[in-house]
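The next block holds one structure in the form of structure tokens; read it before the comments.
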Amino acid sequence: MARSPNRTSGSKKIRYAVVGLGYIAQVAVLPAFAHAKKNSQLAALISDDPKKLKQLGAKYGISGLYSYDQYEECLEKEEIDAVYIALPNHLHCEYTVRAAKTGVHVLCEKPMALSVKECEIMIRTADHHGVKLMVAYRLHFEEANLRAIHMVQSGKIGTPRYFQSAFSLPVKDKQNIRLREETGGGTLWDIGIYCLNAARNLFHAEPLEVFASTAGKGTDQFEEVEEMSAVTLRFPDDRLATFICSFGAADVSEFRIVGTKGQLRVTSAYEYVEPITQYLTVNGKEKKHTFSKRDQFAPQLLKFSDSILKDTVPEPAGDEGLHDVRIIEALYRSAQKGQPVPVKGVERKRRPTLRQKLRRPPVRKPRLIHAQSPSGS
């Protein structure tokens with residue numbers, strides 16, 4: 001049974017423990033609480049790195065500092081209402097299930113897990129214990145991406161016919177979790193999921209068949225996972241989506257969707273520390289609009305806390321994470337077989353809309369403690 005929020009304080013703020021203090025937690029999740037004070041409070045930190053705990057605890061004024069072995073103790077002693085799971089991919093299922101069994105709500109980084117089976121366990125456990133489960137798709141609250149979906153679905157470019165995307169960032173350290181098979185590394189799990197999720201929601205449809213090809217595994221730092229992946233997705237009504245994602249190429253983050261009357265191109269589409277620019281071209285005339293930098297993580301906290309306090313279904317919930325994982329599993333099977341793979345038909349009843357838009361100012365990049373960016377800086 002889910003805990004009653006703030007059962008002793010009487011305030012209307014959800015008390016969070018952040019689980020895992022790696023790069024994304026330090027540069028984005030922890031700073032976001034300053035922009036989510038309306039209903040969210042950082043109450044505890046969980047890590048096996050004493051230096052991180054001590055220095056980040058001092059920085060954010062947190063006395064609730066715990067190791068992973070003290071997970072359940074932390075949730076109980078600190079009266080935690082929700083956890084933000086920022087752990088390596090292979091640990092998402094375990095720490096979601098452990099939190100849910102204690103009645104604590106879960107906001108989990110994507111990919112939700114590394115198999116359909118794990119996703120289903122997470123959803124089933126959350127439902128059984130009456131807790132909320134949300135997957136951290138930050139772009140579901142970001143204005144440029146939401147406006148792109150709205151423009152496509154309102155017919156600005158006519159009937160959408162094909163989608164193209166490229167997402168690459170250089171990962172140089174072979175010890176980085178993105179390059180380790182046991183931690184759930186790989187281009188599709190880490191960055192390809194953005195391209196996949198964009199295509200699904202721009203088309204408002206689910207792929208029927210997928211094909212993938214990978215390259216670069218076994219070279220240089222890519223001993224355990226592929227350097228890059230190329231993907232083709234076949235959607236209903238003979239629509240196609242293609243994308244390439246890479247850990248061995250220069251920074252690129254963009255997509256283009258082309259319809260019968262025009263096209264929409266978005267640059268820095270998946271970034272969270274840069275402005276995002278749209279180029280809408282209809283009848284040969286181009287309109288450009290740039291969306292300023294903003295905090296993309298605070299909206300997730302605000303929306304999830306709101307769903308807990310109001311007892312509503314969070315969006316995106318576990319089913320969205322499950323859909324992406326099902327497709328990524330099929331893509332890796334396709335790459336192994338060297339041929340297209342059908343995808344089980346599913347119906348996604350809810351899609352991101354402009355109603356989810358939430359803007360908060362950008363955060364400054366903090367000094368990192370025992371963590372580094374994918375590029376090694």
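Once the C-beta distance of D173 and S213 is scaled by a Förster radius of 25 Å, the resulting FRET efficiency is 0.45 to the nearest 0.05. Using alpha carbons only, how many degrees (0 to 90, rounded to 10) separate the axis of helix 318-337 from the longest principal axis of the chain? The angle comes out near 50 degrees. I'd like the orientation of helix 116-128 relative to the chain: the angle between its Cα long axis and the longest Cα principal axis, in ° from 0 to 90, rounded to 10. Orientation of helix 116-128: about 40 degrees from the principal axis.
Overall shape: rounded for the stretch 203-333, with the ratio a/c of the largest to smallest alpha carbon gyration tensor axis below 1.5. Derived scalar couplings between HN and Hα for the stretch 153-161 equal 6, 8, x, 4, 10, x, 7, x, 10 Hz in order, rounded to whole Hz, by the Karplus curve 6.51 cos²θ - 1.76 cosθ + 1.60 (θ = phi - 60°), x for Gly and Pro. Figure legend: label point modelled 7 angstrom from the Cα of Y23 along Cα→Cβ; residues of the stretch 341-377 with amide N under 17 Å from it are 365-377. Taking the longest Cα principal axis of the chain as reference, the axis of helix 92-101 is set at about 40 degrees. Per atom type, the chain shows carbon and sulfur on 49% of its accessible surface, probed at 1.4 Å. In this label model, E223 and R333 are separated by 3.1 nm, measuring between points 7 Å along each Cα→Cβ vector.
Given (i) 33, 23, 21; (ii) 35, 27, 17; (iii) 39, 37, 27, which label gives semi-axes √(5λ) of the Cα gyration tensor in Å as computed from the coordinates? Of the listed options (i) 33, 23, 21; (ii) 35, 27, 17; (iii) 39, 37, 27, (i) comes from this structure. Between R367 and E120, residue separation times 0.36 nm minus the direct Cα-Cα distance comes to 85.2 nm. With θ taken as phi - 60° and the Karplus curve 6.51 cos²θ - 1.76 cosθ + 1.60 applied, the whole-hertz 3J(HN,Hα) list for the stretch 339-352 is 8, x, 10, x, 10, 4, x, 9, 10, 9, 6, 10, 10, x Hz, x standing for glycine and proline.
Of the residues G216, S168, M134, the one whose Cα sits farthest toward the positive end of the charge dipole of the stretch 124-247, with +1 on the Cβ of Lys and Arg and -1 on the Cβ of Asp and Glu, is M134.
Loop-located GluC sites (Glu not before Pro) in the stretch 159-232 (DSSP state other than H, G, I, E, B) with a sparse environment of at most 15 neighbouring Cβ atoms within 10 Å: E223, E224.
Residues in the stretch 279-320, backbone N under 16 Å from the label point at R359 (7 Å along the Cα-to-beta-carbon vector): list them, ranges by number please. The answer is 289-299, whose backbone nitrogens lie closer than 16 Å to the label point.
The values are calculated or read from the model by the stated rules, or taken from the named source; none is laboratory data. All of these numbers come straight from a predicted model, not from anything done at the bench. Cβ atoms come from the backbone with ideal geometry, glycine included; neighbour counts cover every protein chain shown. These accessible areas exclude ligands, DNA and RNA; they are computed on the full protein's heavy atoms, side chains included. Shrake-Rupley method; radii C 1.70, N 1.55, O 1.52, S 1.80 Å.
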